[in-house]
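Input: a single structure, listed below in structure tokens.
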Amino acid sequence: MSARTISPELVAACKRLRLGGLLPTLADRLTLAEKQSTPIEDLLLVLLTDEISRRDSTATVRRAQEAGLDPDMVLERWDKTAKVTYDRRVLSELVSLRFVEDRRNVVVLGPVGVGKTFLANALGHLCCQAGYHVRLLRADALLRLLKQSRMDNSRDVLMTELGTVDVLVIDDFALEPMNRDESRDVYQLFVERNARLSTIVTSNRDTSEWIATFDDALLAQSAVDRFKNNAFDLVVDGESYRSRLKPDIEKLGPPPAAPARKPPVNPRRKGAARRR
């Protein structure tokens, strides 16, 4: 059967209605529908489903880019043969994204190079696919942003942005001591987000060691206690994962299409994963 030609009028109408994404496959869809005598209602459903899927995928990519996530660090590319250990039940619970619905935190702990950043990025991508807004910042970059915001009087705006994003990912936290202003900024973020929104933190220090990095021990105790008492722990240990981060990315293709976002759920679930 010869390829079907789409009329210029139909092309123009699709573009005017912002349905231009249908055009690359429209001819094939129409040819197949004609061959199989597909009812018009079923054909419309297929075409609209194609467009919904395309828009969801585009929105997911845009959210991931705006979040600052590494496009290669998705769960489908996690190397399960890597010689690292972690509680698979906890990871399965986190992948369900119930922690976001329940406004819980996540702490990914482990030595340097075992894949903490990879897993944090992967969870961020899943959140983007589910329709949540995410922002990832390395801890030192976060503190620099906050310092700059105090100098240009934009701190309130920045704290509002950080305090209202659905999922905030802070990578490599508690590597170095914080001064008074930095300690107060982190305290405010932890306290304001706690039980309202989800925060994912990666660190090579146990949460009990975070307190020593704050300038004020009382602020530190209050912030860390609130955070860890509402957090899942994912502890990763083993050999360095870094040499496996980008294995033949071209062969693996893009990550799968995004699932639909689940509506928030108010009651807290007490899952199988252990709490800190």
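Below, the figures for the structure above:
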item: Cα shape, the chain, gyration tensor, a/c 1.5 rule; result: prolate
item: Full-extension gain in nm, L175 to S37, via 0.36 nm per residue minus C-alpha separation; result: 43.2 nm
item: FRET efficiency for R89 and L17, using Cβ-Cβ distance with R0 set to 45 Å, rounded to 0.05; result: 0.45
item: DSSP bridge orientation in the chain - percent antiparallel, rounded to nearest 5; result: 15 percent
item: Computed E for T49/K147 - FRET, C-beta separation, R0 45 angstrom, nearest 0.05; result: 0.40
item: Contour minus Cα-Cα distance for R196 and H133 (0.36 nm per residue); result: 21.3 nm
item: Max mean-square fluctuation residue, GNM over the chain, Cα-Cα springs under 10 Å, options R89, R18, R193; result: R18
item: Computed magnitude of the charge dipole of the chain (debye, nearest 20; Cβ of K, R +1, Cβ of D, E -1); result: 520 debye
item: Degrees between helix 23-35 axis and first principal axis of the chain (Cα, 0 to 90, nearest 10); result: 50 degrees
item: Along each principal axis, Cα extent of region 141-226, largest first, Å; result: 32, 26, 22
item: Calculated diffusion of region 41-194, Stokes-Einstein form, Kirkwood radius summed over Cα pairs, 25 °C and 0.890 mPa s, µm²/s; result: 141 µm²/s
item: Residues whose placed amide H lies under 5 Å from that of S198, excluding near-sequence neighbours; result: L168
item: Options N153, V169, V186, ranked by Cα towards positive dipole end of region 142-239, top entry (Cβ charges); result: N153
item: Between 0 and 90°, nearest 10: helix 139-151 axis offset from the chain longest Cα axis; result: 80 degrees
item: The chain - mean residue ellipticity at 222 nm from DSSP helices (-39,500 (n - 2.57) per run, n ≥ 4, rounded to 500); result: -15000 deg cm²/dmol
item: Acute angle (nearest 10 degrees) that the helix 217-229 long axis makes with the longest principal axis of the chain, alpha-carbon atoms; result: 40 degrees
item: FRET E, pair Q221, A59, Förster distance 51 Å, beta-carbon r, rounded to 0.05; result: 0.80
item: Count of lysine pairs in the chain with Cα separation under 19 Å (8 or more residues apart, or interchain); result: 9
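Here, each number is a calculation from the coordinates, and none is a lab measurement. Predicted, not measured: the structure shown is a model, and the values here were computed from it. Cβ coordinates were reconstructed from backbone atoms using ideal geometry, including for glycine residues, and neighbour counts include every protein chain displayed.
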